[in-house]
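Chemist: Below is a structure I'd like to ask you about.
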Amino acid sequence: MHLNSCQSLISILAFSLMMLAGCNSSSSSDTGSTDNGSTDTGSTDTGSTDTGSTDTGSTGTASSAEALNVDNFVAGALASAEIEDCTLSDGTETTCYRIEAAGKAQGQTIGPFCPRTTSSTAAETGIWISADSTAQVYDADGDFILNLANLYNDTAWNGLHNDDGSVNVTLTEAACDGAAQPNVEDQYKYHCVECSTDYLDDGAIAGTYVIPVTPTPADTTSSVAATVGVALNGSELSGPAPVDAILANYTIAAFDDCGGHINLHQGYHYHAATGCTEVGAQDDGHAGLIGYAMDGYGIYGMKDADGNEESLDECRGTTDDTRGYHYHAASAGENMFIGCNHGKTVATTTAGGPPGGGPPNGGPNGTAPTR
Amino acid sequence: MTLEFNFIRRSLVLLSYSLTLSVTPSHAHSGSPLGVAWSTCDGKPKSQACEYKGFHGERYIGTCQVMANNMLCVRNQPIEYPEKASTDAAETHTEEVKEIAEIVVEKSEKEAATESISEDSLD
């Protein structure tokens, strides 16, 4: 009887193995796609400082659900939010919030970014995206550094690490400044570029955002500017990163796992939505609120609580009864948050001042924000 | 014998789950091919439909929009995963295997219990 039990169990085991082996083999071809959205992009804002082009002829009224609600911001994220008169890009006179954001990513731990050695693990580092036709979001760990030459099909990328396993990282303010710009100084090529909030006064660069109190749909959509909007934690949501330009200098400008990084002109800012910034929880299973675009409409995460996406308009927006018109951020790997401005933005002359001049391209190779 | 049986049963369940994990698609790499997202809109006017394929064959469908002074294909439809159907099938298959394994184990456990009672009665 004992023997029979063993035989039975052996048969079960063999049967299970056969079945599972079948599973394994049948799934071997579908290991891929499963992106859950997150890696986005980053951007190193390129240049353009217009607040969008042209919205003419305003019409339409926004529902109260669409109105910017400063109570949605994380406590401590804003220094102030005052309502003032403003002029939209089509000449419409209205009222806007002048939001003074601390720029500290309130409630979030900033970093880490670059690996220090080729043994650094994903937990010790941030993320990066490729820019060729196989672009992906990668953990910027030691293995990633070792694989760069293969990834970009260029052995010059081996220059980022040394025989002793160390990785070239911009670890000083001078190095950060020399590398986090369009014309990377020669000595900082072949580096993983990262900057520290220690280089910034009070650990951050405050930003001013002038955003319509109540968004107004434009007759025609307009292109997003270098500054897409402001996150609820008070840091900037930036436009696409010029990844090609960064790679051309044999540098990578690693983001932290929340999709942000630092330069001396914008401070800490986001190029990708990886989930960290969805702090505005919704009661109905809708994706969380990330922040507000410069036209005043809310930007939410890509997927709802069930992991579903919906069809959107060309700006990546949609409308529902609860939120009115709103945007959904793209996946982290798509190098953008939204596709265009659905609403009218504030005319440049009243859009609030950037904190200081910077190189024409953002980034860490970036621009001083026009907000 | 009961201890021995439990050990084998637990090993079987653990093995099943371990193998189940091995057939779960990797989430390590995700994203869109940035270069293609830009080049696919070269020479196209704003708002024109565009589409490109990602690293794993997924489809990104949207329209061309001005981004950083260039045209970029901005996706506005959910990402389409061509292999989703086969992934679902694999997951369903795995669930079936787990269910079968658990049923068989339960049956064997009952048999073992019956045998144990019989042995005890013989003693």
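Each value in this text was obtained by applying a stated rule to the coordinates, not by laboratory testing. Predicted model, so just to flag it, every value in this text is computed and none were measured. All Cβ positions, glycine included, derive from the backbone under ideal geometry; neighbour counts span all protein chains shown.
Chemist: How well do other chains shield peptide A:241-250, expressed as the mean number of their Cβ atoms within 10 Å of each residue Cβ?
Modeler: Per residue, the number of nearby Cβ atoms from other chains is 1 on average.
Chemist: Can you give me the Cα centroid spacing of segment A:121-181 and segment A:230-269 in angstrom?
Modeler: 15
Chemist: Right, next: Using Cα-Cα distances under 8 Å and only pairs 6 or more residues apart, what relative contact order does segment B:31-85 have, in percent?
Modeler: 32
Chemist: Would you mind checking A:189/A:344; A:189/B:44; A:303/B:46; A:104/B:46 for any pair whose Cα atoms are more than 32 angstrom apart?
Modeler: Distance filter (> 32 Å) returns A:189/A:344; A:189/B:44; A:104/B:46.
Chemist: Ok, one more. From Cα pairs below 8 angstrom and at least 6 apart in sequence, can you work out the relative contact order of segment A:202-270, rounded to a whole percent?
Modeler: Reported as a whole number, the value is 30 percent.
Chemist: Taking H placed 1.01 Å from N in the peptide plane, check which residues at least 5 places from residue A:140 or on another chain put their amide H under 5 Å from its amide H.
Modeler: Here the answer is A:126, A:127, A:128, since their amide H atoms fall under 5 Å of that of residue A:140.
Chemist: Also: In which sequence would A:348, A:170, A:322, A:118 go, from the one with the fewest C-beta neighbours within 10 Å to the one with the most?
Modeler: Fewest to most other Cβ atoms nearby, the residues stand as A:322, A:348, A:118, A:170.
Chemist: Taking amide hydrogens as modeled 1.01 Å from N in the peptide plane, which residues meet the under 5 Å criterion relative to residue A:117, leaving out close sequence neighbours?
Modeler: A:167
Chemist: Using 7 Å Cα-to-Cβ label points, what is the residue A:84/residue A:151 separation (nm, one decimal)?
Modeler: In this crude spin-label approximation the distance works out to 4.3 nm.
Chemist: Would you mind giving the mean number of other chain beta-carbons within 10 Å of the Cβ of each residue in A:311-322, as a whole number?
Modeler: So the per-residue partner count for this stretch is 3.
Chemist: Highest mean first, what order results for A:242-249, A:82-89, A:265-272 on Cβ atoms within 10 Å?
Modeler: By packing density, highest mean first, the sequence is A:265-272, A:242-249, A:82-89.
Chemist: So what are segment B:31-85's ellipsoid semi-axes, whole angstrom, largest first, if each one is the square root of 5 times an eigenvalue of the alpha-carbon gyration tensor?
Modeler: Each semi-axis is √(5λ); the values are 21, 11, 8 Å.
Chemist: If you don't mind, there's one more thing I want to ask. From the backbone phi of segment A:218-224, what are the Karplus-calculated ³J(HN,Hα) couplings (6.51 cos²θ - 1.76 cosθ + 1.60, θ = phi - 60°) in whole Hz, Gly and Pro given as x?
Modeler: 8, 5, 10, 5, 10, 6, 6
Chemist: What number in nm² do you get for segment A:258-314 if you take the convex hull of its Cα atoms and divide its surface by four?
Modeler: Approximately 4.9 nm², given one-decimal rounding.
Chemist: Mind checking the mean number of beta-carbon atoms from other chains within 10 Å of the Cβ atoms in B:56-63?
Modeler: Mean inter-chain Cβ contacts per residue within 10 Å come to 4.
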